[in-house]
Amino acid sequence: MKHHPLKPEGDTRDHLVVIGNGMAGCRAVEELLARDPARYRVTIFGAEPRVNYNRIMLSPVLAGEKSFDDIVINDADWYAANGIALVAGDPVAAIDRAARTVTTRGGTTESYDRLLIATGSDPFIIPVPGKDLPGVIAFRDMDDVDTMLAAADAGGDAVVIGGGLLGLEAAHGLSLRGMKVTVIHLMPTLMERQLDEAAGWLLKQALEARGQTILTGADTAEIIGNGKVEGVKLKDGTLIPASLVVMAVGIRPSVALARDAGLAVGRGIQVDDHMVTSDPHVLAVGECVEHDGQVYGLVAPLWDMCRSLADGLVEQPTGYRGSVTSTKLKVSGIDVFSAGDFSGGDGCEDIVLRDASRGVYKRVIVKDDRIVGAVLYGDTADGSWYFDLLKKQEDVSDLRDLLIFGQSFASGGGAADPKAAVAALSDDAEICGCNGVTKGQVVSCIAKGAHSLDALRGTCKASASCGSCTGLVENLLALTLGDDVQSGPKTMCKCTSFGHDDVRREIVAQAMRSIPEVMQKLHWTTPDGCSSCRPALNYYLLCALPGDYVDDQQSRFVNERMHANIQKDGTYSVVPRMWGGLTNPRELRAIADVVEKFNAPMVKVTGGQRLDIFGIKKEDLPAVWADLNAAGMVSGHAYGKSLRTVKTCVGSEWCRFGTQDSTGLGVKIERMSWGSWMPHKFKIAVSGCPRNCAEATIKDFGIVCVDSGYELHVGGNGGIHVRATDLLCKVATEQEAMDYCAAFIQLYREEARYLERTAPWIERVGVDYVKARIADDPAGREALRARFLYAQSFSQDDPWAQRAEGAEREHHAPMARFTPQEEWA
Amino acid sequence: MTGDWLDIGWVDEIPVRGSRTVQVAGGDDIAVFRTAEGKVFALRDRCPHKHGRLSQGIVHGGAVACPLHNWRISLSTGEALGEDKGCTPTVPVKIDAGRVLICRASTLKAAA
């Protein structure tokens, strides 16, 4: 495909040669023609045997929504009409800057006065075995689309490596074309460069609902196949069959030609504000350039660059100043938008709106009264408005309260005062959509004495379900009562309007499965919670989904993440479990050896009848644990919101007063209940007689043995507020004592609030309630016990053993070491 | 490790909403954080309050909660947030082709 008008005799115009017939190269020529159509004689070289088309519309072509002809920007007539020579399908292979010529692979040489490099970018191919097998392709040009369409015709399985913009669009297209698609993404959330965690989670849900399999945190080990691709193997051993593999993990500026020609190249071809490279006769534009340290992989910056380039070519320089970019995912029916900087940080305020029933998540990031970023999911209608405000750096302080509701609310003549807006509503206006509560009903409830949010939720149910109308209800309260509003229920933290009990109830009722899901469905006002709510949510989910929920380590307090207690100097203390307070020479030797080997400065006998080794460095923890494991010891969970110790006295085996085998029972109970995560720490003791040497009546669960059986005590505490236990009941056998203990622990696990010890919990719910659930309800007790033992079947893996074997070693080892002296030497 | 920037490893080596440390011989560690959005920050690994190891705290939004007394420290400025007052030195970070680079001069100053 060549249009080679002969150079007209006497055409003395400068010759502009463009390498690249893509979006940047052609747009630059269009901009130039718009300014001065006669100034340059133009020749364009393109690697593909095609006219100029809109590359970003390849996804709709793949999806069957458009044809190739629909996405052509400039057809052959355009080249002819503007006297442009197009050399398509014969790429430029070399630039000779001294001679000012370019030479194609086919051997054609053309001289230039000005050269424009617009080579775009190359897909990044991850260097795994099998990457060159037939059937492994990138998603970059029309040929790739043709390959995908041919594969889709044959049907079968496709794997897309990369859950970014391009990968998801490829997956969507292949899925629509009938292939069974699996997306493999290295990062924990999709499109992490454009979307925050919450929006990424929503996107994953939506794509999975459409039948795609999305594997996040999945690392490709190799592509397998004999003569052609047959599947993808992950580093965790998972094998996914595939007759087509699309690599869409990223792009790299295409700089080989420029580098070979000796131009200055960093991550891209380096250009100044006028898109001029280190050689004044050579310009560059588009994805192949690096401007002010930035490279761009989106289309919008290219338009800005081309304008500046053309201004420079006609000697009316303006200068490019970099671009702020926005992203939209082209997957029909899924609306995703992001723009600017959404990483938060100092002085940034997040305004978050979540509407669970509509699947909407909107987040606008404001700094110094100006929008700096936006992430929208589900409702992107206002994306362009936010982006406009962002680019213009407009002061949004006047719009602040209504900004998140979008342009029509914020600037469309609506009342700027939310309270006034509520006042203006008619009595039959619906306030709470979930429960169908009108303004009139809310106001009449308030008149009848419901003077707090909690009271309203309890009576007319306004805002009691999804909570998205909480603000409206609060405004109604304020409007009706003025200063008489009683403060609402204590919320979990500032991230939510819900209390602990509400959140827990909804997690179970709506079968929620992850922290981002809870935050979305319950309208969290922060993107990823805080150090109060994250550990609580992690626990509630862990408790609700034993064996199923994947613990989020980053939502754990340091001690639980490190499986040791942090001390004020940053070292850790280590407490191995000593069952019922019993030990033996082998364990004692192992502890003594650890103390010497790791120079632990102190060993102390704890109040819980075991030994605490102090001053262990973070890096040494796995080695310490390995040594202790070797002597048969496991973690004592002295650091956890979990079972700490079972303290015992010597009991009937040795003591002249002992009535039962308290030591043996203590060991059995500790074996049953160790490893269980709880709302707070939990201590047990078993005393062999009413002299109570094990101090069982200040423990969370205490057993006092008597001649006729076992007294069971609950809710004791020896801390700041000393509280003696309440007597739960008396049982006759050791087995009953254990069964009641298991049931009590499970009731506490399921119903106490995170960080609530048993003592305040029992004071809150009353000991009679606990008696009714445990002592007076045999079926309920048995069900609780069974749930506890089921949960325990997943929790009794020694975390130390896992770490000692190398699990999560990044928690322990420094990322790098740096010795300044060596460096300066 | 030469030039004005220290190459300390791959971005992926830092857990999302987590942190790793860089040991500096003869000085305090540098804590390197990665937020949910993938931004990377570096601070001296000491809380301005009682010198708690910030690298061991819970990262949320653009802040970390110190594990000792739950002070919230801004990752971008090192300033204590809310009612608390204090500041821990920050170290400029840049990401190049997936590698994390921290400013050498600031590292030495922060670790000293």
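Each value in this text was obtained by applying a stated rule to the coordinates, not by laboratory testing. Everything numeric in this text was worked out from a predicted model, so none of it was measured. Every residue, glycine among them, receives a Cβ derived from its backbone with ideal geometry; neighbour counts consider all protein chains shown.
Given a Förster distance of 30 Å, report the FRET efficiency between residue A:783 and residue A:724 from their Cβ-Cβ distance, rounded to the nearest 0.05.
On the way: r = 29 Å, r/R0 = 0.98.
Using R0 = 30 Å, I get an efficiency of 0.55.
Rounded, prolate or oblate: which fits region A:643-797 when a ≥ b ≥ c are the square roots of the eigenvalues of the alpha-carbon gyration tensor, with rounded for a/c under 1.5 and prolate only if a/b beats b/c? Before the final figure, lay out each step's value.
Details: a/c = 1.45, a/b = 1.32, b/c = 1.10.
Since a/c stays below 1.5, the shape of region A:643-797 is classed as rounded.
Within a 10 angstrom radius of each residue's Cβ in B:14-23, how many Cβ atoms of other chains show up on average? Whole number is fine.
Counting other chains' Cβ atoms within 10 Å and averaging over B:14-23 gives 6.
Please give, to one decimal in nm, the separation of the simple spin-label points placed at residue A:131 and residue A:426, each 7 Å out from Cα toward the Cβ.
6.6 nm
Assuming 0.36 nm per residue, please report the length gained on full extension of the stretch residue A:109 to residue A:303 beyond their Cα-Cα distance.
Using 0.36 nm per residue and subtracting the Cα-Cα distance, I get 66.9 nm.
Output ³J(HN,Hα) for region A:781-786: one whole-Hz value per residue in order, computed from phi by the Karplus curve 6.51 cos²θ - 1.76 cosθ + 1.60 with θ = phi - 60°, and x for Gly and Pro.
4, 5, 5, 4, 4, 5
Specify which residue in the list A:677, A:155, A:218 is farthest towards the positive end of the charge dipole of the protein assembly as shown, using unit charges on the beta carbon of Lys, Arg (+1) and Asp, Glu (-1), about the Cα centre.
Checking the options against the dipole of the protein assembly as shown, the answer is A:677.
Among A:24, A:745, A:310, which residue has its Cα furthest toward the positive end of the charge dipole of chain A, with +1 on Lys/Arg Cβ and -1 on Asp/Glu Cβ?
A:745
So for region A:599-701: antiparallel DSSP bridges make up what percent, rounded to the nearest 5?
Numbers: 5 of 10 bridges.
Counting DSSP beta bridges with both partners in region A:599-701, the antiparallel share is about 50 percent.
For residue B:85, put the label point 7 Å out on the Cα→Cβ axis and report which residues of region B:31-52 keep their amide N under 17 Å from it.
B:48-50
With +1 assigned to the C-beta of every Lys and Arg and -1 to the C-beta of every Asp and Glu, and no other charges, what is the dipole magnitude of region A:335-414 about the Cα centre in debye, to the nearest 20? Could you put the intermediate results ahead of the total?
On the way: 9 positive and 15 negative charges, 45 e Å.
Result for region A:335-414 is approximately 220 debye, rounded to the nearest 20.
Output wanted: per-residue J couplings in Hz (rounded whole) for region A:515-521, from phi through Karplus 6.51 cos²θ - 1.76 cosθ + 1.60, θ = phi - 60°, x for Gly and Pro.
Those phi angles translate into 4, x, 5, 4, 4, 6, 5 Hz.
Output wanted: per-residue J couplings in Hz (rounded whole) for region A:106-117, from phi through Karplus 6.51 cos²θ - 1.76 cosθ + 1.60, θ = phi - 60°, x for Gly and Pro.
Taking θ as phi minus 60°, the curve returns x, x, 6, 10, 9, 8, 9, 9, 10, 10, 10, 9 Hz for region A:106-117.
Let a ≥ b ≥ c be the square roots of the eigenvalues of the Cα gyration tensor of chain B; is it rounded (a/c under 1.5), or, if not, prolate (a/b larger than b/c) or oblate? Let's see the in-between values first.
On the way: a/c = 1.94, a/b = 1.33, b/c = 1.46.
Taking the square roots of the gyration eigenvalues as a ≥ b ≥ c, chain B is oblate.
Provide Rg over Rh for region A:620-726; use the alpha carbon set for both Rg and the Kirkwood Rh (inverse mean inverse pair distance). Please report the intermediate quantities before stating the final value.
Values: Rg = 15.1 Å, Rh = 14.6 Å.
Taking Rh as the inverse mean 1/r over Cα pairs, Rg/Rh reads 1.04.
List the trypsin sites (Lys or Arg not before Pro) within region A:562-664 that DSSP assigns to loop and that have no more than 15 neighbouring Cβ atoms inside 10 Å. Numbers along the way, then the final one.
Values: sites: A:568, A:577, A:586, A:589, A:597, A:604, A:610, A:617, A:618, A:641, A:644, A:647, A:656; in loops: A:568, A:577, A:610, A:617, A:641, A:656.
When the trypsin sites (Lys or Arg not before Pro) of region A:562-664 are filtered for loop state and at most 15 Cβ neighbours within 10 Å, A:568, A:617, A:656 remain.
Filter the trypsin sites (Lys or Arg not before Pro) in region A:176-236 down to the DSSP loop ones having no more than 15 other Cβ atoms within 10 Å, then list what survives.
On the way: sites: A:177, A:180, A:193, A:204, A:210, A:228, A:233, A:235; in loops: A:177, A:193, A:210, A:228, A:235.
Here the sparse-neighbourhood loop sites are A:193, A:210, A:228, A:235.
Between helix A:165-176 and chain A, what is the angle of the helix's C-alpha long axis to the longest principal axis, kept within 0 to 90° and rounded to the nearest 10?
For helix A:165-176, the angle is close to 90 degrees.
Based on DSSP, what percent of beta bridges with both residues in region A:136-249 are antiparallel, to the nearest 5?
Values: 7 of 23 bridges.
The antiparallel fraction comes to roughly 30 percent.
Return the percentage of antiparallel bridges among DSSP beta bridges fully within the protein assembly as shown, rounded to the nearest 5 %.
On the way: 102 of 149 bridges.
Looking only at bridges with both residues in the protein assembly as shown, the antiparallel portion is about 70 percent.
Relative contact order (percent) for chain A, with alpha-carbon contacts under 8 angstrom and 6 or more residues of separation? Write out the running numbers ahead of the final one.
Working: 1664 pairs, mean separation 54.6, N = 825.
Answer for chain A is 7 percent.
State the extension gain, in nm to one decimal, for the chain segment bounded by residue A:603 and residue A:769, taking 0.36 nm per residue of separation less the distance between their alpha-carbons.
55.5 nm
Under a 5 Å amide H to amide H cut-off, with H placed in plane at 1.01 Å, what residues pair with residue A:372 once short-range neighbours are removed?
Amide H neighbours of residue A:372: A:365, A:366, A:367.
How high is the FRET efficiency between residue A:617 and residue B:11 when r is their beta carbon distance and R₀ equals 30 Å, given to the nearest 0.05? Spell out each step's value before the answer.
Details: r = 26 Å, r/R0 = 0.86.
Using R0 = 30 Å, I get an efficiency of 0.70.
Among B:6, B:38, B:60, flag the residue with its Cα farthest along the positive direction of the charge dipole of chain B, charges on Cβ as +1 for Lys/Arg and -1 for Asp/Glu.
It is B:60.
Relative to the present Cα-Cα distance, how much length would full extension add between residue A:569 and residue A:93 at 0.36 nm per residue of separation? Show your work: numbers first, answer last.
Numbers: separation 476, 0.36 × 476 = 171.36 nm, distance 6.19 nm.
Net length gain for the segment: 165.2 nm.
Taking the Cα centre of region A:53-96 as origin, work out the dipole magnitude from +1 charges on Lys and Arg Cβ and -1 charges on Asp and Glu Cβ, in debye rounded to 20.
140 debye
Counting pairs of alpha carbon atoms under 8 Å apart in space and at least six apart in sequence, what relative contact order in percent does region A:626-757 give? Present the calculation step by step, with values, prior to reporting the outcome.
Numbers: 281 pairs, mean separation 26.4, N = 132.
Relative contact order for region A:626-757 comes out at 20 percent.
Give me the angle, in degrees from 0 to 90, between the Cα long axis of helix A:621-630 and the longest principal axis of the Cα atoms of chain A, rounded to the nearest 10.
50 degrees
Once amide H atoms are built 1.01 Å from N in the peptide plane, which residues 5 or more positions from residue B:62, or in another chain, come under 5 Å H to H?
A:345
Any idea what the dipole of the protein assembly as shown comes to, in debye rounded to 20, about its Cα centre with Lys/Arg Cβ at +1 and Asp/Glu Cβ at -1? Write out the running numbers ahead of the final one.
Details: 101 positive and 121 negative charges, 490 e Å.
Dipole about the Cα centre, nearest 20: 2360 debye.
Going by how many other beta carbons lie within 10 Å of each one, how would you line up A:474, B:13, fewest first? Please report the intermediate quantities before stating the final value.
Details: A:474 20, B:13 15.
Going from least to most buried by this count: B:13, A:474.
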